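*Asks:* I have a structure here, written as structure tokens, and I will follow up with some questions on it.
The values are calculated or read from the model by the stated rules, or taken from the named source; none is laboratory data. The structure displayed is predicted, hence computed values, not measured ones. Note that each Cβ is placed from the backbone with ideal geometry, even for glycine, and that neighbours are counted across all protein chains shown. Quick note on the areas: whole protein, heavy atoms, side chains included, nothing else; ligands and nucleic acids left out. Shrake-Rupley method; radii C 1.70, N 1.55, O 1.52, S 1.80 Å.
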Amino acid sequence: MAGLSATWFAVLGLIGTLIGGAGLGGMLKTWLDHVRGRRKDTDEVALTLVNQLQTRVTSLEDSSDRERKLCDAQLAVQRHRINNLSGNFDALLLLIEMAPDKASEMVAKIKERRSAQEQAEAVEKATLAAIGLHATRTEGGE
């Protein structure tokens with residue numbers, strides 16, 4: 001009889017393990033499904049944020065490119081202005097050196113030339129200001 005009770009004990013233990021194992025397995029599967037669902041939601045939120053950031057980075061890069069081009073144009077205007085001033089100064093020095101008696105006549109011509117250059121510079125600056133204003137309005141969505 002001791003052998004029989006040991007057999008029944010083993011059978012009942014096996015049945016308990018099977019029932020308990022299935023219950024534990026079911027609970028584990030439910031928990032894992034829940035974790036996967038939360039991770040999927042978290043991944044979707046993260047992807048949405050990544051897409052928003054990518055859009056913002058693209059916008060900032062475009063804005064930066066426009067700003068860089070505008071700055072390059074402004075620097076070109078300043079270089080042009082300096083070259084004009086340098087040319088006028090060199091011409092005046094050369095004139096004084098070669099014909100000091102005609103310096104007063106040439107000063108008047110250089111002033112006329114400088115006046116024309118200042119008008120051209122004003123037009124260039126106004127054009128750049130208009131471009132900058134247009135770029136600002138474009139960025140603002142107006």
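*Asks:* Looking only at region 40-59, decide whether some residue is at pLDDT 90 or above, surrounded by 11 or more Cβ atoms within 10 Å (Cβ to Cβ), within 38 Å of the chain's Cα centre (by Cα) and closer than 30 Å to Thr127 by Cα.
*Replies:* Within region 40-59, one or more residues are at pLDDT 90 or above, surrounded by 11 or more Cβ atoms within 10 Å (Cβ to Cβ), within 38 Å of the chain's Cα centre (by Cα) and closer than 30 Å to Thr127 by Cα.
*Asks:* Looking at (1) under 28 Å from Leu60 (Cβ atoms); (2) out of contact with any Asp or Glu (no Cβ under 9 Å at 6 or more places or on another chain); (3) at pLDDT below 85; (4) assigned to a helix (DSSP H, G or I), which is the only condition Glu139 fails?
*Replies:* Going through the list (1) under 28 Å from Leu60 (Cβ atoms); (2) out of contact with any Asp or Glu (no Cβ under 9 Å at 6 or more places or on another chain); (3) at pLDDT below 85; (4) assigned to a helix (DSSP H, G or I), Glu139 breaks only (2).
*Asks:* Mind counting the residues in region 60-85 that are within 14 Å of Glu121 (Cβ to Cβ) and of a type outside the set (Lys, Arg)?
*Replies:* Of the residues in that region, 11 qualify.
*Asks:* Residues in region 75-109 that are polar (S, T, N, Q), open to solvent by 50 Å² or more (accessible area, probe 1.4 Å) and at pLDDT 85 or above: how many?
*Replies:* Here the count works out to 3.
*Asks:* State which residue pairs qualify: first residue open to solvent by 100 Å² or more (accessible area, probe 1.4 Å) and inside region 110-129, second residue not in a helix (DSSP H, G or I) in any location, beta carbons under 8 Å apart, and separation of 6 or more residues or different chains.
*Replies:* none
*Asks:* Answer with yes or no whether Arg36 is modelled with pLDDT of 85 or more, part of a helix (DSSP H, G or I) and within 43 Å of the chain's Cα centre (by Cα).
*Replies:* No, not satisfied.
*Asks:* Residue pairs, Cβ under 8 Å, 6 or more apart or interchain, first in region 65-90 and under 16 Å from Ile110 (Cβ atoms), second surrounded by 12 or more Cβ atoms within 10 Å (Cβ to Cβ) and among the aliphatic types (A, V, I, L, M). List them.
*Replies:* Short answer, once both residue conditions are applied: Asn88/Ile110.
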